[in-house]
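Down below is the structure, laid out as structure tokens.
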2 protein chains.
Amino acid sequence: MPGSVPRIVMKFGGTSVGDIERIKAVAERVKKQKETGCDVLVVVSAMAGETNKLVGFCDALSELHDPCEYDSIVATGEQVTSGLLAIALQKLGVNARSFAGWQVPIRTDSQHGKASLDTIDGARLLGCMAEGIVPVVAGFQGVGPDGRVTTLGRGGSDTSAVALAAAVKADRCDIYTDVDGIYTTDPRIVAKARKLEKITYEEMLELASVGAKVLQTRSVGLAMREGVRVQVLSSFVDGPALVEGKLPGSLVVDEDEIVEKKLVTGIAYSRDEAKLSIRRIPDRPGIAAAIFGPLSEANVNVDMIVQSTGADGTTNMTFTTSKTDLPRAISTLESVQASVEYEELVTDADVVKISVVGVGMRSHAGVASTMFRTLSERSINIQVISTSEIKVSVLVAAEYAELAVRALHTAYGLDNV
Amino acid sequence: MPGSVPRIVMKFGGTSVGDIERIKAVAERVKKQKETGCDVLVVVSAMAGETNKLVGFCDALSELHDPCEYDSIVATGEQVTSGLLAIALQKLGVNARSFAGWQVPIRTDSQHGKASLDTIDGARLLGCMAEGIVPVVAGFQGVGPDGRVTTLGRGGSDTSAVALAAAVKADRCDIYTDVDGIYTTDPRIVAKARKLEKITYEEMLELASVGAKVLQTRSVGLAMREGVRVQVLSSFVDGPALVEGKLPGSLVVDEDEIVEKKLVTGIAYSRDEAKLSIRRIPDRPGIAAAIFGPLSEANVNVDMIVQSTGADGTTNMTFTTSKTDLPRAISTLESVQASVEYEELVTDADVVKISVVGVGMRSHAGVASTMFRTLSERSINIQVISTSEIKVSVLVAAEYAELAVRALHTAYGLDNV
């Protein structure tokens, strides 16, 4: 709508609202944004440490606690922050009021502890904004079909923010965090990493899921489906996103918004990987199902899979899981050894997954071969390879992580010069 | 209803649920009560210290914080305890679920920070109990007409418990606290103080409002109006109220339930008193209104009032307020000195109010004269006297507090022998 007031959702995570002074600073930032003539809606997490404290209480009472009660307890963290920020805003002369999830209402399914968003009624929030009031919504929570409080699971505040942005048709959803944007790779490893002005949803999804922990994967998927433009920026660096076109952070947008598509946008790595090799399985139909069926039932997430068949009528199966899932994967595989008739299970948690990501590689061959050549030149042995339309991932020994990331960053021309 | 299952409301205050171990102990106690074949509904306060922490956050952000936001923040304390106790009960094999005020719903007016109860819909709670589930309700809170969270003010959890007991037509409302009952006077002052098995609502009201801080005044008034039988008992002493007729605490009931009415039931004292004397006011009509009107507007609660007229056509007015209200009372009176034309304002915060209370004194003269004689024999000077149907109160110098209470306790035959 040309001429209408821009509408911005601002989301602040736990460290951004970690204490009273930080909450005051956030209020100042919201005030500045409001003063540019925007309608503003704020979404907050619990104060850093609060959620862990509440979870600790639950754990101390019962290792297998009722997820309904867990949700009701843990959701109070965000409720407190939203009220405190509303008070801080009022103190600065900004009209504001808090909303718990059930007050919006933010409706979810009944999967307590990891609920999925169902519908958000934006009417009350839009009514508030029309009156010049800044709604401050408790993130991470909603209300189930039976009227009980639900939570979206860890990191769910990003998802809340994106969903609320969609519900009120916001022009942008700004996620304030402790980094100032999305980089071509981890700046702690590569000093020459560059901040990206724009990145596509697809690329962000691949980067988020392979270890760049800036935005929660679920929230990026939702933003893509709903067409919400998301900016990642720092709540600790001054000068918020006031003028479009001069955004201080990184914008996650649709591919159409990016004119010059780079071949490779970023390099991600994940140390949370473990490799399992099942050796000398009698090669007959149904082997994959006999292995991955039980793993799936045991809730083990399997990532890269490679199968190689030997000359002797046996086959080898290699795959990766997260380090957390490794013990469960091992015990599951041991329980099926008799039926699968494999000879040996070998595991290795000393591995790292390196991924190069970019929408540009769809139309260009050669990305994978550049990767393999670059690693080969450094004598880095590739253990497993997997590819998707916009990503090539390899598993290498953990000791090569930094070397591999730096070499690839240079090879794809990403270095900041 | 003869033959029906007894229904008990159990209310636990902040120190009773002060940490995880205490919450576990409360769960054991609730389990025992349930195992006697009762239907049980539990009401909880916030863990001791939590409310103060949350209030501290609000104060740190703004000395004049929005009471709507204050309520939303502070109410989380009880929400956490109710969830934790539900988990602790489930761990013991007792079916339980938490209820926030809005989930019951407990409807209140919109006076945030000191809301009054409107209606409580007992249907969901009764439905729970019918299924063998123990509802654990967050005390102290409700939901206003606009759907925002309200609180009933400090001590409001007792009121929640009594109101819920009325809503579900409970046979009794047990208030677990850090004392094991209601005593004839403060046992810290009088070693021979006796625990009362029964006390009337009216007596309890007078005792509560004059300094016996066992039950919140509002909750007693509500219990009287609704005919809820209230038991005060300790959550720290073992052996809960399992068998009627052998109740371990003190029962607050209707006068009809008490067969032998004592002349004097108890002696209360309050140190939170301040005396103000306005001297030499021109004695003309409307003086009292000119003084107490402005005080009322300034929210100063006035208690005992004595007017004495001198021979010279002037009058003196003496009254008491709480120590908290004293500065406000002084500044108010100074502001009306010109119009009231009084000569002098004298204040004294070094006073104590002693009260003897008993429904029996309605039909017996001589209670007041016993009091005056007893104090006179100890050379204790009475500064102000006020009486009600079932109470005689006197104001004396603070240094005589203990002496006066002990002497009166003996004089009225209350000593435990």
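The values are calculated or read from the model by the stated rules, or taken from the named source; none is laboratory data. Remember, predicted model here, so these are calculated numbers, not experimental data. We place every Cβ from the backbone using ideal geometry, glycine too, and count neighbours over all the protein chains shown. The area values use the complete protein model at the heavy-atom level, side chains included, leaving out ligands, DNA and RNA. Shrake-Rupley method; radii C 1.70, N 1.55, O 1.52, S 1.80 Å.
Would a scan of the stretch B:179-189 turn up a residue that is within 14 Å of chain A (Cβ to nearest Cβ), crowded, with 19+ Cβ neighbours inside 10 Å and more than 18 Å from B:ALA223 (Cβ to Cβ)?
Step one: of the stretch B:179-189, the residues within 14 Å of chain A (Cβ to nearest Cβ) are none.
No, every residue in the stretch B:179-189 fails to be within 14 Å of chain A (Cβ to nearest Cβ), crowded, with 19+ Cβ neighbours inside 10 Å and more than 18 Å from B:ALA223 (Cβ to Cβ).
The rows are residues; the columns are (1) under 25 Å from the mean Cα position of the chain (by Cα); (2) acidic (Asp, Glu); (3) surrounded by 16 or more Cβ atoms within 10 Å (Cβ to Cβ).
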| site | (1), (2), (3) |
| --- | --- |
| B:GLU273 | yes, yes, yes |
| B:ILE278 | no, no, yes |
| B:PRO282 | no, no, no |
| B:PRO294 | no, no, yes |
| B:ALA298 | yes, no, no |
| B:GLN307 | no, no, no |
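Flag: A:GLN79 does not match the condition of being in a helix (DSSP H, G or I), more than 24 Å from the chain's Cα centre (by Cα) and closer than 21 Å to A:GLY13 by Cα.
Take A:VAL214 and tell me if it is part of a loop (DSSP other than H, G, I, E, B), closer than 30 Å to A:ALA411 by Cβ, of a type in the set (A, V, I, L, M) and in contact with a strand residue (DSSP E or B) (Cβ under 9 Å, 6 or more places away or on another chain). Talk me through it step by step, then tell me what you get.
Working: part of a loop (DSSP other than H, G, I, E, B): yes; closer than 30 Å to A:ALA411 by Cβ: yes; of a type in the set (A, V, I, L, M): yes; in contact with a strand residue (DSSP E or B) (Cβ under 9 Å, 6 or more places away or on another chain): yes.
When the stated conditions are applied, A:VAL214 passes them.
When B:SER45, B:SER72, B:SER82, B:SER98 are checked against the criterion of being within 9 Å of another protein chain (Cβ to nearest Cβ), in contact (Cβ under 8 Å) with a residue 60 or more places away in the chain and surrounded by 21 or more Cβ atoms within 10 Å (Cβ to Cβ), a single residue qualifies: B:SER72. Among residues that are over 27 Å from the mean Cα position of the chain (by Cα), more than 10 Å from every other protein chain (Cβ to nearest Cβ) and open to solvent by 10 Å² or more (accessible area, probe 1.4 Å), B:VAL55 is not included.
Looking at A:GLU260, is it loosely packed, with under 12 Cβ neighbours inside 10 Å, in a loop (DSSP other than H, G, I, E, B), out of contact with any Ser or Thr (no Cβ under 6 Å at 6 or more places or on another chain) and on the phi < 0 side of the Ramachandran plot? Spell out the reasoning first.
Details: loosely packed, with under 12 Cβ neighbours inside 10 Å: yes; in a loop (DSSP other than H, G, I, E, B): yes; out of contact with any Ser or Thr (no Cβ under 6 Å at 6 or more places or on another chain): yes; on the phi < 0 side of the Ramachandran plot: yes.
When the stated conditions are applied, A:GLU260 passes them.
Return yes when B:GLN103 is on the phi < 0 side of the Ramachandran plot, open to solvent by 50 Å² or more (accessible area, probe 1.4 Å), facing chain A (nearest Cβ under 9 Å) and free of Cβ contacts under 8 Å to residues at least 24 places away in the same chain and no when it is not. Before you say what the answer is, go through the steps one by one.
Working: on the phi < 0 side of the Ramachandran plot: yes; open to solvent by 50 Å² or more (accessible area, probe 1.4 Å): no; facing chain A (nearest Cβ under 9 Å): yes; free of Cβ contacts under 8 Å to residues at least 24 places away in the same chain: yes.
So B:GLN103 does not fit the description; no.
Among the criteria (1) open to solvent by 10 Å² or more (accessible area, probe 1.4 Å); (2) in contact (Cβ under 8 Å) with a residue 24 or more places away in the chain; (3) at the interface with chain A (Cβ under 9 Å from one of its Cβ atoms), the one B:HIS65 does not fulfil is (2). Inspection of the stretch B:20-28 identifies at least one residue that is assigned by TED's automatic domain parsing to the domain that holds B:VAL137, modelled with pLDDT of 95 or more and farther than 22 Å from B:ARG97 by Cβ. Considering the stretch B:146-169, and only residues there that are within 14 Å of chain A (Cβ to nearest Cβ) and of a type in the set (S, T, N, Q), the residue that is farthest from B:GLY77 (Cα to Cα) turns out to be B:THR150.
Output yes when any residue across the stretch B:327-344 is farther than 25 Å from B:GLU203 by Cβ, modelled with pLDDT under 90 and open to solvent by 10 Å² or more (accessible area, probe 1.4 Å), and no when none is. Checked the stretch B:327-344: no residue is farther than 25 Å from B:GLU203 by Cβ, modelled with pLDDT under 90 and open to solvent by 10 Å² or more (accessible area, probe 1.4 Å).
Against the condition at pLDDT 90 or above, among the hydrophobic types (A, V, I, L, M, F, W, C), open to solvent by 40 Å² or more (accessible area, probe 1.4 Å) and in the same structural domain as A:VAL26 (by TED's automatic domain parsing), how does A:MET224 come out, does it pass?
Working: at pLDDT 90 or above: yes; among the hydrophobic types (A, V, I, L, M, F, W, C): yes; open to solvent by 40 Å² or more (accessible area, probe 1.4 Å): yes; in the same structural domain as A:VAL26 (by TED's automatic domain parsing): yes.
It is true that A:MET224 is at pLDDT 90 or above, among the hydrophobic types (A, V, I, L, M, F, W, C), open to solvent by 40 Å² or more (accessible area, probe 1.4 Å) and in the same structural domain as A:VAL26 (by TED's automatic domain parsing).
Would you mind stating whether B:THR119 is of a type in the set (Val, Ile, Thr), within 12 Å of chain A (Cβ to nearest Cβ) and in contact (Cβ under 8 Å) with a residue 12 or more places away in the chain? So B:THR119 fails the test.
All of (1) of a type in the set (A, V, I, L, M); (2) assigned to a loop (DSSP other than H, G, I, E, B); (3) touching an Asp or Glu at 6+ places or on another chain (Cβ under 7 Å) hold for B:ILE175 with one exception: (2). Only a single criterion out of (1) at the interface with another protein chain (Cβ under 10 Å from one of its Cβ atoms); (2) within 26 Å of the chain's Cα centre (by Cα); (3) surrounded by fewer than 18 Cβ atoms within 10 Å (Cβ to Cβ); (4) not β-branched (Val, Ile, Thr) is not satisfied by B:ALA60, namely (2).
Pairs linking a residue in the stretch A:338-359 that is outside the structural domain of A:ILE287 (by TED's automatic domain parsing) to a residue that is open to solvent by less than 10 Å² (accessible area, probe 1.4 Å), with Cβ atoms under 8 Å and 6 or more positions apart or on different chains, do not occur.
So, of the residues in the stretch B:28-42 that are in contact with a helix residue (DSSP H, G or I) (Cβ under 8 Å, 6 or more places away or on another chain) and assigned to a helix (DSSP H, G or I), which turns out to be least open to solvent (accessible area, probe 1.4 Å)?
Of the stretch B:28-42, the ones in contact with a helix residue (DSSP H, G or I) (Cβ under 8 Å, 6 or more places away or on another chain) are B:30-31, B:39-42.
From what is left, the residues that are assigned to a helix (DSSP H, G or I) are B:30-31.
Values: B:VAL30: 0, B:LYS31: 57 Å².
Looking at residues that are in contact with a helix residue (DSSP H, G or I) (Cβ under 8 Å, 6 or more places away or on another chain) and assigned to a helix (DSSP H, G or I), I get B:VAL30.
Here B:GLU206 meets the list (1) touching a strand residue (DSSP E or B) at 6+ places or on another chain (Cβ under 6 Å); (2) open to solvent by 10 Å² or more (accessible area, probe 1.4 Å); (3) closer than 26 Å to B:GLU28 by Cα almost entirely, failing just condition (3).
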